[in-house]
Structure formats: structure tokens, C-alpha cells
Amino acid sequence: MTAPTTDWTRRTAAELADALAAGEVTSVELTRAHLDRIAAVDGEVHAFLHVDADGALAEAAASDARRAAGAPLSSLDGVPIAVKDVLATAGLPTTCGSKILEGWVPPYDATVVRKLREAGLPILGKTNMDEFAMGSSTEHSAYGATHNPWDLDRIPGGSGGGSAAAVAAFEAPLAIGTDTGGSIRQPGAVTGTVGVKPTYGSVSRYGLVALANSLDQAGPVTRTVLDSALLHEVIGGHDELDSTSIDRPVGAYVEAARQGAAGDMTGVRIGVVTELGGEGYQPGVLARFQESVDLLVKAGAEVVEVSCPTFVHALATYYLILPAEASSNLAKFDAMRYGLRVLPEGIESPSAEDVMRATRDAGFGDEVKRRIILGTYALSSGYYDAYYGQAQKVRTLISRDFDAAFEKADVLVSPTAPTTAFKLGEKLDDPIAMYLNDLATIPANLAGVPGISVPSGLADEDGLPAGFQILAPALADERLYRVGAALEAALLDQWGGPLLDKAPELGKLDHRNGDSA
């Protein structure tokens, strides 16, 4: 007898894959269960911008046919997934959370999306995000804010808050996010989910609408470390269509996660970064971080303290490099080729410049305009060397600090975000306060190294989730999964079950929508 649909939405992706392989459930049943969950709760969470029920069910039916013929495309064939709305999806809208791309339907798939389809994962829909991935709260979406399933009055992180909220609210077992300065890891921290930023260039960027080319990286959003490893192996690998793609085989991430789950950290050196903690960090976040370090020590790890002095300049460096690259990338939205076109009022025969000005004024939100202005200024004649050029020099120093730190430690650790989720609207009028949420995550993007955020528990002050960040050298992503899975296993024993089971708002959502799980 098939288990209740609400039960299937609570299973991990690995459990769903096993159930599909054993014939306990069909992909159509799984996909329909998640579509029903979206219909029941997304009106309050607003994780999705577009839901493709017909397309997802058709893909699920095709998966079931493959399973029946004994020819699944991958272990995850038939497990549904959500995709951040910054990745091109043929036949589905891709808006990047912006009015300027409202209604745009790409004629092609991003490579990550193509790999998902080739592995047989039904795509449930596209998730909400800060406009063009500019933000730390998903409040800068032109289509309305996403809400944190732990507390609907709080932010789910950003820019990929939609993907994190969808996974946390059991609307999808898996999701794809993108991380430019922490946009996978920081939402993971504040929603109690797992978020991975792979090594830059190890997952194709082709078809990812660029915010900052030298920083953007797509990666997994899941509820467990093993699920992230499974998804990472699907989307990773070299891509000839991406000039930044690294020609290296996909790592053994699943094997590393399974090894880590056994709990033996003997011989692993854990580097605690001095500059990523202390003043400005919420006491409860630091307490959960220290408890997590202690658990790794108990599992056999050795802890060393490392100093990365230039990390204190990472925020300023990032907010010169990112706006500069964004200003260049967003120049293509000119009302001439695709997307929104607005004719200016009061001008009988407007010039192309008049139309472009009116369109960009109407189509871009305040945060996007702020960063375009800053980036254009930083790249302008007379200021390039003083600002953008200097920022690139500091970026090199940050990479050198990483190199020196990894000579002393196998992985580096810190809190993922300085605080738990703040109230919606609390920091909208203070851009600097908003930017500070990325304090601990930005260095990894500047250096191109991989990182993971694993839930570390609930802060004492507010009962909201905090995250534990693990960073590894470039192309050593397996270390993330080994250490992350070991910590996750120790914490699950301590909690007596998944952290999301302790989310009070999820229980209220279930009750209000007649969910019995």
C-alpha cells in the first residue's frame, strides 16, 4: 500500500531514490505529492515564481516508463526538483526576479538544467530570488518577498531564498541555487537546510544569467549532506560551452558523504578562522558553532586556529568587484532585443536612448539601480585603478591567505552567517546592514574555493536555525561532504531527528492546510 502523499514529501531525496528503485512509489506519485504541497502552502511561503505542473508530471510519467523498462537514467531519476529562476529553462519563464524579463521564455536550457533533464529529474518550477541575485533576503524580488518557513514574518535569506524555502517547507526534496557571495549558503543557514557552493568552474555556468561572471556558481540546496552530494554529482563536470569550466572528472562526493556519516574524523585538521567570528556575531550563533566544533573534535578531528588577515577587507572588495561586473552584464537589457520595452511619456518620436532610459527605470528595482551606479562609477575613466584595480589586488591577497591557511588545515570552518533570520523589512532601508549578512561567505567566492553550510542547531535567543560553514581548497569538494556528513550525523543524534521537525511555523502550515504529517 502506498504511503500517504504527505509522508513522501518528508522523505530525503536519497530515501525517495531508494523507494523508486524498490518500486514502493512512482515518480508520478512523488511529483503529484510535491505539487499538492506547493498548492497547499506556497501561498504563504511564496517560494515559487512559476510552477510547471503539467511538465513535471509528464517528465515523471516518462521516468516511470524508464523504471518499468529497467533503464533509469540515474539514481535520482524520478525525484522532483526546483530550479532558481536565474537559470535558463527552455519553455519555462526565466525572469531573474525582475520586471525587465517578465514573461521571457528562453529557447534553450542552461547546462545544469540540461543535466537535470538527462538524469531524469522532473522540474517542479522556478523559485523566487532577489532581482538578478542582488540581495541577502529575497525581499528585492519584483514579484514579492519569500517567507521563511520557520517564521513567516522573517526572511529566508538571499538571493536564493526561494530555493531554500521550497526545500525547508517540503515543497521540493531538492533545489538548485546560485552563489555569488553566499546566496546558497546563507539561505541554508537561516532556513535549516544544506547549501553547497562548488569550486568555481566545476559546475557549468552556461545559461546562468550572469550577475558577476568571476563569482557566480550554481550548486545544490537540500535537506541533507548526502542529498547534496547526489545532486552535485549530477550537475558537475566539464562543459565546452562554458569558457570558465574546469576540465576535471566529477568528484566522488557521494562516497565522501557516506564515509563522513560513519563519524570518524581521525587525522582531519579543522581550521577555525579568527576573522570569521566574534564582534557582530549573534551569541547563539557562536554557541552553536562552538558546539559543532566540539562534536568534530569528539569524532577525532584536530582543531587549529588560523588567521586570514585580508578577510576583513573581503566585504569591501566584493562590493566593488560585483557591482562593476554587474553593471557590465546588465547593459544588455536595453529594450531593443528582448524583455520589457517601455515608451517614455510625452515624447512623440522617442530615440533608442529615450526608450532604453524609460525601460531600465521601470524594469530595474532600487537595489539593481544602486549597484549599476556603483559599478559604472568604479569602472569609469580615472577611477578604475583606484577602485576596481585595487579591489582585484586585495582579491589576490585573499586567495593567498586561503593558500596559507590550507597548509595548516584540511578545511576551514566558521559560522555561515553572523545572525539568524531577521524580520522582513527590518534592513530594507539600510543596504550596508543587509550586505553584512555575507560577511563570512564572501571570501570563498573571491577565491573560488568550495563551501558548504550545514545546520548547526537553534540559537538560544530566538529558536531559529544557525549554520556551520566548511570551506575546502579548490577542487577538494569531497572534504566538504566528509566533514559535513560527520557533523550532521553527530547533530542528528543530539537532536533526536531532523532539525526541520522542530520548526513551529511548519507545524502551523500543516495544520492550517489539513496536512497530517
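Here, each number is a calculation from the coordinates, and none is a lab measurement. From a predicted model like this one, the values you see are computed outputs, not experimental measurements. Quick reminder, even Gly has a Cβ in these numbers, built from the backbone with ideal geometry, and neighbours come from all protein chains shown.
Structure notes:
- Here the Karplus relation 6.51 cos²θ - 1.76 cosθ + 1.60, evaluated at θ = phi - 60°, turns the backbone of region 223-233 into coupling constants of 9, 9, 5, 4, 4, 4, 4, 4, 5, 4, 5 Hz, with x for every Gly and Pro.
- Counting Lys and Arg as +1 and Asp and Glu as -1 over every other residue whose Cβ lies under 11 Å from the Cβ of L20, the net charge comes to -3.
- Of K332/K427; K99/K369; K99/K332; K393/K427; K423/K502, those spanning more than 21 Å from alpha-carbon to alpha-carbon: K332/K427; K393/K427
- Residues D493, D462, sorted so that the one with the fewest Cβ neighbours within 10 Å comes first: D493, D462
- Under a model in which nothing but the beta-carbon of Lys, Arg (+1) and Asp, Glu (-1) is charged, region 376-497 shows a dipole of about 380 debye around its Cα centre.
- Residues S202, S328, S163, S98 arranged by fewest to most Cβ contacts within 10 Å: S328, S202, S98, S163
- Phi-based couplings in Hz for region 464-477 (Karplus 6.51, -1.76, 1.60; Gly and Pro marked x): 9, x, 10, x, 10, 9, 10, 10, 10, x, 3, 6, 10, 4
- Under a 5 Å amide H cut-off, with hydrogens placed 1.01 Å from N, L49 pairs with K126, T127, N128 among residues at least 5 apart or on other chains.
- Length released on extending from D501 to E345, taking residue separation times 0.36 nm less the Cα-Cα span: 50.8 nm
- For the chain, share of DSSP beta bridges that run antiparallel, in % to the nearest 5: 65 percent
- Placed amide H near L121: partners under 5 Å, 5+ positions off or other chain: G78
- Environment charge of D354, counting only residues whose C-beta is closer than 13 Å and scoring Lys/Arg +1, Asp/Glu -1: -2
- For region 250-403, the relative contact order works out to 25 percent when only alpha carbon pairs closer than 8 Å and six or more residues apart are counted.
- Added length on full extension, which subtracts the Cα-Cα distance from 0.36 nm per residue, V312 to Y338: 5.3 nm
- Potential lengthening between Y377 and V250 on full extension [0.36 nm per residue; Cα-Cα distance subtracted]: 41.7 nm
- Ranking A324, V342, A352 by how far each Cα lies toward the positive end of the dipole of region 310-362 (charges on Cβ) leaves A324 at the top.
- In terms of surrounding Cβ atoms within a 10 Å radius of their Cβ, H34, H238 rank from fewest to most as H238, H34.
- Note, ³J(HN,Hα) from phi for region 321-331, Karplus 6.51, -1.76, 1.60, rounded to Hz, x at Gly and Pro: 5, 4, x, 4, 5, 5, 4, 5, 5, 7, 5
- Formal net charge of residues neighbouring A65 (Cβ-Cβ distance under 12 Å; K, R +1; D, E -1): -1
- Considering region 388-517, its Cα convex hull presents a mean projected area of 11.1 nm².
- Multiplying each eigenvalue of the alpha-carbon gyration tensor of region 446-517 by 5 and taking the square root yields semi-axes of 30, 13, 12 Å, largest first, rounded to whole angstroms.
- Magnitude of the charge dipole for the chain, about its Cα centre and with charges confined to Cβ atoms of Lys, Arg (+1) and Asp, Glu (-1), is about 580 debye.
- Working from Cα pairs under 8 Å separated by at least six residues, relative contact order for the chain is 17 percent.
- Cα-based Rg and Dmax for region 16-103, where Dmax is the largest Cα-Cα distance (Å): 14.7, 46
- 5 angstrom amide H check on V411, placed H, neighbours 5+ away: R269, G271
- Separation of region 1-69 from region 394-420 is 39 Å, based on Cα centroids.
- Protection proxy ranking, peptides 180-187, 420-427, average beta carbon neighbours within 10 Å, highest first: 180-187, 420-427
- For region 177-295, average projected area of the Cα convex hull in nm²: 8.9 nm²
- Euclidean distance of C-alpha centroids, region 226-293 and region 101-126, integer Å: 26 Å
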